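Have a look at the structure below, then the notes.
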Amino acid sequence: MGVKTWIEGWPVYRQLTGGDPLGRAAAVKSRRSDTLAPRSATADKVVKSICPFCAVGCGQNVFVKADEVVQVEGDPDSPISRGRLCPRGSSTLQLVTGSAREYKVLHRRPHGTDWEELDLDTAMDMIADRVIATRREGWQWEEDDARVRRTMGLASLGGATMDNEENYLLKKLFTALGAIQIENQARI
């Protein structure tokens, strides 16, 4: 490759000598970038979703190919975000494709130092047993001669990744269990 050919391939040279003086189009493209296609172009379908990171509820387009998520972008039809995503929302793809994602239940026993793998049924049974025991041990029928029918041993703090409907169901569950400390971000 000669010096002249190399200089002509330089984006600044193309910007100054070509028809793209602001460097917004062809001047900034390389040979390699001309051959690239967006991951979303290969998708079989687009699924509308909501960003799971905060209570704002930005719209997302989730691009799926062969039942695998290949790209997540802002939804331009969303009246909330109008196609924009913050840096955390832009990283949503990593929630499902990241190499650090866990696909098993890990449990560390009280005073233990090592994690052990549990199957999902065992973990769910452990959680149910602990909820029942905590409710039984902390149940109050009355306080100061007033009927309260509650437990102070359970509380719920719903996360921003849950929508209003999920938080509604969680509120119903914890109210039925007798908990009175119930909070979530979906109302913000």
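The values are calculated or read from the model by the stated rules, or taken from the named source; none is laboratory data. Keep in mind the model is a prediction, meaning the values are calculated, not measured. Reconstructed Cβ throughout: ideal geometry from the backbone, glycine too, with neighbour counts over all protein chains shown.
Some observations on this one:
- Subset of the stretch 141-165 [of a type in the set (D, E, K, R) and free of Cβ contacts under 8 Å to residues at least 12 places away in the same chain]: E142, E143, D144, D145, R147, E165
- Sub-7 Å Cβ pairs linking a first residue in the stretch 88-111 that is within 13 Å of V69 (Cβ to Cβ) and in contact (Cβ under 8 Å) with a residue 12 or more places away in the chain to a second residue that is surrounded by 12 or more Cβ atoms within 10 Å (Cβ to Cβ) and among the β-branched types (V, I, T), at least 6 apart or interchain, are T92/V72; L93/V69; L93/V72; V96/V69; T97/V69, ordered by first then second residue.
- Every condition in (1) surrounded by 10 or more Cβ atoms within 10 Å (Cβ to Cβ); (2) over 21 Å from K171 (Cα atoms) is met by M152 except one, and the failing one is (2).
- The one condition from (1) surrounded by 13 or more Cβ atoms within 10 Å (Cβ to Cβ); (2) at pLDDT 85 or above; (3) not in a strand (DSSP E or B) that G159 does not meet is (2).
- Test: G138 is closer than 30 Å to A37 by Cα, touching a Gly at 6+ places or on another chain (Cβ under 8 Å), surrounded by 13 or more Cβ atoms within 10 Å (Cβ to Cβ) and not basic (K, R): no
- Unique match (being touching a residue at least 60 places away in the same chain (Cβ under 8 Å), within 30 Å of N184 (Cβ to Cβ) and not basic (K, R)) among P52, P76: P52
- Any chance I127 is under 30 Å from G57 (Cα atoms) and at pLDDT 90 or above: yes
- Exactly one residue among E137, E165 is among the acidic types (D, E) and either farther than 24 Å from S49 by Cβ or touching a helix residue (DSSP H, G or I) at 6+ places or on another chain (Cβ under 6 Å) (or both), and that residue is E137.
- Selection of the stretch 118-135 for residues being among the aliphatic types (A, V, I, L, M), surrounded by 13 or more Cβ atoms within 10 Å (Cβ to Cβ) and in a helix (DSSP H, G or I) yields A123, M126, V131.
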